[in-house]
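*Asks:* I have a structure here, written as structure tokens, and I will follow up with some questions on it.
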Amino acid sequence: MHRITVEIGEHPARVVAAGELDAFVAPELVAAVDELERSSLVLFDLSRVSFLDSTALGLVVRAVREIGERGGEARVVLPASPARRIFEITTLDRVLPVVESSEAGLAQLVAAGRA
């Protein structure tokens, strides 16, 4: 079972995911990312994700890259978990703006929004 929610009324915007994210869930994840097209500060909270396959991982990477290309900032919340291990194996934790907690990510994005 999985769940993906998007909170745009808040600033920064948030995508909160839980459960297993795989190719079956990809269309829902794409729809969530599409809702962010006007958001310049975005937090991807994956703290409750137990598994990501390469499709879901690629979508997160693409979304973070696209936000950066339009001058925005994104953070990916990945505490020590099975999902974080996937980012470590692929070394994406060194390339993407990964934070340990939602609070840390929000603080960094709020500070970036003031700069």
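*Asks:* Tell me, what is the percent relative contact order of the chain, built from C-alpha pairs under 8 Å that lie six or more residues apart?
*Replies:* 24 percent
*Asks:* Here's something else I'd like to know. Among [x] 14.2; [y] 15.9; [z] 13.8, which one is Kirkwood radius over Cα pairs in Å computed from these coordinates?
*Replies:* Label of the calculated value: [z].
*Asks:* Which order results if 87, 44, 24, 51 are arranged by neighbouring Cβ count within 10 Å, fewest first?
*Replies:* 24, 51, 87, 44
*Asks:* Would you calculate, for the chain, the mean residue ellipticity at 222 nm contributed by helices, counting each DSSP H stretch of 4 or more residues as -39,500 (n - 2.57) and dividing by all residues, to the nearest 500?
*Replies:* The per-residue figure over the chain is -13000 deg cm²/dmol.
*Asks:* Antiparallel as a % of all DSSP beta bridges within the chain, to the nearest 5?
*Replies:* Of all bridge pairs located within the chain, approximately 30 percent are antiparallel.
*Asks:* Related question: Can you compute the modelled spin-label distance between residue 1 and residue 23, with each label point 7 Å from Cα toward Cβ, in nm?
*Replies:* The modelled label-to-label distance comes out at 2.6 nm.
A short reminder: the numbers here are calculations on the coordinates, not readings from a lab. Please read these numbers as outputs of a predicted model, since none were measured by experiment. Backbone-built Cβ (ideal geometry, glycine too); neighbour counts: all protein chains shown.
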